[in-house]
Every structure is written in structure tokens, then in C-alpha cells.
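In what follows, a structure is listed as C-alpha cells, so that the remarks can point back to it.
All of the numbers you see were taken from the coordinates with simple rules; none came from a lab. This is a predicted model, so every value here is computed, not measured. We place every Cβ from the backbone using ideal geometry, glycine too, and count neighbours over all the protein chains shown.
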Amino acid sequence: MRDTSSPPLFVKRMDQAFALISKTCMVLAGTALVVMTTIFAWLVFGRYVLNDTPTWVEQVSFLLIMVITFLGAAVGVNQNTHLSVVLFRNLVPSWLRTLFVVVSDILMAVFGAMMLWYGTELTIFKWKTLIPLIQWSEGLRSLPLTICGVLIFLFSAGHLIRLALGRDRREDNIE
């Protein structure tokens, strides 16, 4: 059951902060996609017109794919657009559906915390090594994983807080 009264101030602020973070992530991921498309056009032009293949494009594109994928995944958790199977959940009674949603949010928060922990370890471990051809830190490859872990943890915790207060806005989870 959803509460129709005005939400507490901290929930409003949390929602505003999460909306800003999500929008920033989408802008960064979208920009990374445009940059990746542009540099691949340069790769094709260099390879077939100039007969001089820019070798750095593949390494930079891999970094951009990490940004696109992980920031997009975090936004998907916040906006409830990530992949999920709701058929079974929608077939069970409402009280059990609510339990499934809570368990799912707890598991996502734990998963985000693990991504943060192990992503941080990996980023620190790889930071002093350089990526061939571009000479940037290898840690940049795992940094989006770490950031995604923080965001998934925060967004899942936010869902749990809203659920506890009866203010969950997700459509497919609870009647």
C-alpha cells in the first residue's frame, strides 16, 4: 500500500539526489557512446582512406564500453528498468510478491557492496600498470565497476527505504 501524504524531507532529498546522479550517469554514458562512435569512424577512415590504422581506438573504446555498461546498469537499478523476470512474481499473492521485492533489493544491495569492495581492490591493484598503446592506468578499466557498485548499493538501499515507508513507486512489484 502506498502512502499518499507528503514524503519525509530526507526521502525527497534522497530522490532528488538519486535523480541527479541518474541523469549525470545517463549523460556520461551517452557522451561515451557518441565519443566511441566518433573514434570508430576515425578508425575506419584511418584504416581504409589513410592506410594508417589508429591503434589506440580499440583500447579507448574498451574503456568507454565499461563506462556505458556500468553506468547504464546502475541507472537501470534506480529506474527499475534493469532486466528482471516478473512472471513468477506476478503470479503469487501480494504479500509474497512484497517479500520477493524486499529479498531482491537486499540481494542487489549486497551485490553492489561486493562490486564496490572487489572493484576497489582491483582498481588499486591495477592502478600502477599502464594500458598498452595509450599509456593510461589499467585501473581505469575497473573504476566504472567500482562506481557502479556504489550506485547499485545506494539505489537498492533507497528502494528498501521507500518500501519500508510505503512509498515505493515501482510499478511491477507491489500492488
Treating the angle as unsigned and between 0 and 90°, give the value, to the nearest 10°, between the Cα long axis of helix 94-126 and the longest Cα principal axis of the chain. 30
dims of segment 12-62, Cα set, principal axes, largest to smallest, nearest Å -> 56, 15, 7
Given (1) 20.1, 66; (2) 15.1, 47; (3) 15.6, 51 as candidate values of Rg and Dmax of the Cα atoms in Å, which corresponds to the one derived from the coordinates? (1)
Only Cα pairs under 8 Å and at least 6 apart count here; give the relative contact order of the chain as a rounded whole percent. 29
Step by step: find N for segment 54-129, compute 2.2 N^0.38 Å, then divide the Cα radius of gyration by it. What's the final number? 1.54
With label points set 7 Å from each Cα along the Cα-to-Cβ direction at Leu20 and Ile124, the distance between them in nm comes to 2.9
For segment 114-162, Kirkwood radius (reciprocal of mean inverse C-alpha pair distance, Å): 11.5
Value at 222 nm in deg cm²/dmol, rounded to 500, when DSSP H runs of n ≥ 4 in the chain each add -39,500 (n - 2.57): -26000 deg cm²/dmol
Quickly work out the Phe10-to-Glu58 label distance, labels modelled 7 Å from Cα along the C-beta direction, and quote it in nm with one decimal. 5.1
